[in-house]
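*Asks:* One structure follows; several queries about it will come next.
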């Protein structure tokens, strides 16, 4: 079985989600699955030096714990600000889809732990078009927590579209993992 693991964070980043992702990918590879992880260059926590992991213009491909890891040259934003995080989500989703389109064969299943909402929407749309089952990992309450970063005067304008996109992403998933 070919499993594509789309992960917004991955070691060497020390965040819990990155560590959990590595353990899951490693376990799946040990069961005999062919696992490929797509992730951005590491950027968290702020100030950490990941010079050897910087994907500039082209992906960096490595083999880690029996798993193929592809670090995509997408934009990253370790600071928690609304517009840079939206750009990060958009960029990561676009790079994941470009990578998938360039592959000679498609995965049997996609496991996604990606940034809300744009990267999730791009990957969900791509999986739906290719009829590849999508398993979506839900770790945070989005888009509500994301909208809290906006001034209350702008929140109303973003809330409706973001909730609509979030509902569509969940409906496009074969399963949600919480």
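*Asks:* Share of antiparallel DSSP beta bridges in the chain, in percent to the nearest 5?
*Replies:* 20 percent
*Asks:* Rounded to the nearest 500, what is the 222 nm mean residue ellipticity of the chain from helices alone, with -39500 (n - 2.57) per DSSP H run of 4+ residues and division by all residues?
*Replies:* -13500 deg cm²/dmol
*Asks:* What do you get for the angle between helix 82-102 and the principal long axis of the chain? Use alpha-carbon atoms, 0 to 90 degrees, nearest ten.
*Replies:* Between helix and principal axis, roughly 30 degrees.
*Asks:* What ranking, highest mean first, results for peptides 1-9, 32-40 when packing means the other Cβ atoms within 10 Å averaged over each residue?
*Replies:* Ranked by mean Cβ neighbours within 10 Å, highest first: 1-9, 32-40.
*Asks:* By how many degrees, between 0 and 90 and to the nearest 10, does the Cα long axis of helix 16-30 differ from the longest principal axis of the chain?
*Replies:* Helix 16-30 sits at roughly 30 degrees to that axis.
*Asks:* Say R0 is 30 Å: what FRET efficiency, to the nearest 0.05, do residue 62 and residue 175 get from their beta-carbon distance?
*Replies:* Calculated transfer efficiency: 0.55.
*Asks:* Can you give me the P(r) profile for the chain? Cα pairs, bins 5 angstrom wide beginning at 0, each as a whole percent.
*Replies:* 1, 8, 17, 22, 21, 16, 9, 4, 1, 0, 0
*Asks:* Using Cα-Cα distances under 8 Å and only pairs 6 or more residues apart, what relative contact order does segment 2-177 have, in percent?
*Replies:* Computed over segment 2-177, the figure is 19 percent.
*Asks:* Could you work out how far apart the two model spin labels at residue 99 and residue 153 are, taking each label as a point 7 Å from the Cα in the direction of the beta carbon, and quote it in nm?
*Replies:* With each label point 7 Å from Cα toward Cβ, the separation is 4.0 nm.
*Asks:* Additional query: Using the per-residue mean of other Cβ atoms lying within 10 Å as a proxy for protection, in what order, highest first, do the peptides 21-30, 89-98 fall?
*Replies:* The peptides rank, most packed first, as 89-98, 21-30.
*Asks:* In what sequence, highest mean first, do 69-77, 149-157 appear when ranked by Cβ atoms within 10 angstrom? Write down the numbers at each step before the final one.
*Replies:* On the way: 69-77: 20.1, 149-157: 10.4.
Most protected by this proxy first, the peptides run 69-77, 149-157.
*Asks:* If the elastic network links every pair of Cα atoms under 10 Å, which of 46, 165, 60 fluctuates the most in the Gaussian network model of the chain?
*Replies:* Most flexible of the set in this elastic network: 46.
Here, each number is a calculation from the coordinates, and none is a lab measurement. Keep in mind that what you see is a predicted model, and the values were worked out from it rather than measured. Positions of Cβ are generated from backbone atoms using ideal geometry, with glycine treated the same way; all protein chains shown enter the neighbour counts.
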